[in-house]
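Participant: First the structure, then my questions, so here it is.
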Amino acid sequence: MTKKSQKISAAELKILEILWETSPLGASQIISALQNIESWNNRTIKSLITRLLKKKAISYKQDGNRYLYYPLLKKNDYLNTASCGIIHSLFGGKISPLVAHFVKQEKISNEDIQELKAILQELESND
C-alpha cells in the first residue's frame, strides 16, 4: 500500500467512510454518525481518529476550540490500493480467477454479465 493508505483497519475504514460522505466533521459528529452503526464508546472512536491522523489518512482544521476532520486519503485511491492488494495476495495478481471465484460464489445477473462484457469490449478496443 502507498504511504498514505498504509493498512487501514476495518474500524478506521468506518470513520473514513463517514468523512468521505460528509466533511469536515467534528469528533462529536463522527461519534453521532457511528452510534447508528457501532456500539463503540467515545474514547474508542477518538483513538481511531488519532490513528488515522498518524497514518495521514485524515487531517483537521481548527474551528475555535474544536477540530474539524477531513480525509486526505481519497476513496478511489484507497479502493485501488486495497483491491490490488486483495488481487495480489489472494489471486496471484490475476483478475480472471477473482471474477471466476465471485461468479461461482454469487448469483450473477444478466445485467452484470452484460456490464462485464461491455467492459471487456471497451478494453479490447483500446488495445
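The values are calculated or read from the model by the stated rules, or taken from the named source; none is laboratory data. Please read all numbers here as calculations on a predicted model, not as lab measurements. Backbone-built Cβ (ideal geometry, glycine too); neighbour counts: all protein chains shown. Remember, those area values only see protein heavy atoms, side chains included, never the ligands or the DNA or RNA. Shrake-Rupley method; radii C 1.70, N 1.55, O 1.52, S 1.80 Å.
Participant: Would it be correct to say that residue 112 is surrounded by 12 or more Cβ atoms within 10 Å (Cβ to Cβ), of a type in the set (D, E, K, R) and touching a residue at least 60 places away in the same chain (Cβ under 8 Å)?
Facilitator: In short, no.
Participant: Something else: Among 89, 109, 83, which is the only one that is among the hydroxyl-bearing types (Ser, Thr, Tyr) and farther than 26 Å from residue 9 by Cα?
Facilitator: Just one listed residue meets the conditions, 109.
Participant: Shifting gears a bit: Is at least one residue of segment 34-55 in contact (Cβ under 8 Å) with a residue 60 or more places away in the chain and under 17 Å from the mean Cα position of the chain (by Cα)?
Facilitator: No: segment 34-55 contains no residue that is in contact (Cβ under 8 Å) with a residue 60 or more places away in the chain and under 17 Å from the mean Cα position of the chain (by Cα).
Participant: Restricting the search to segment 73-109, which residues are within 30 Å of residue 22 (Cα to Cα) and open to solvent by less than 60 Å² (accessible area, probe 1.4 Å)?
Facilitator: 73, 78, 81, 82, 83, 85, 87
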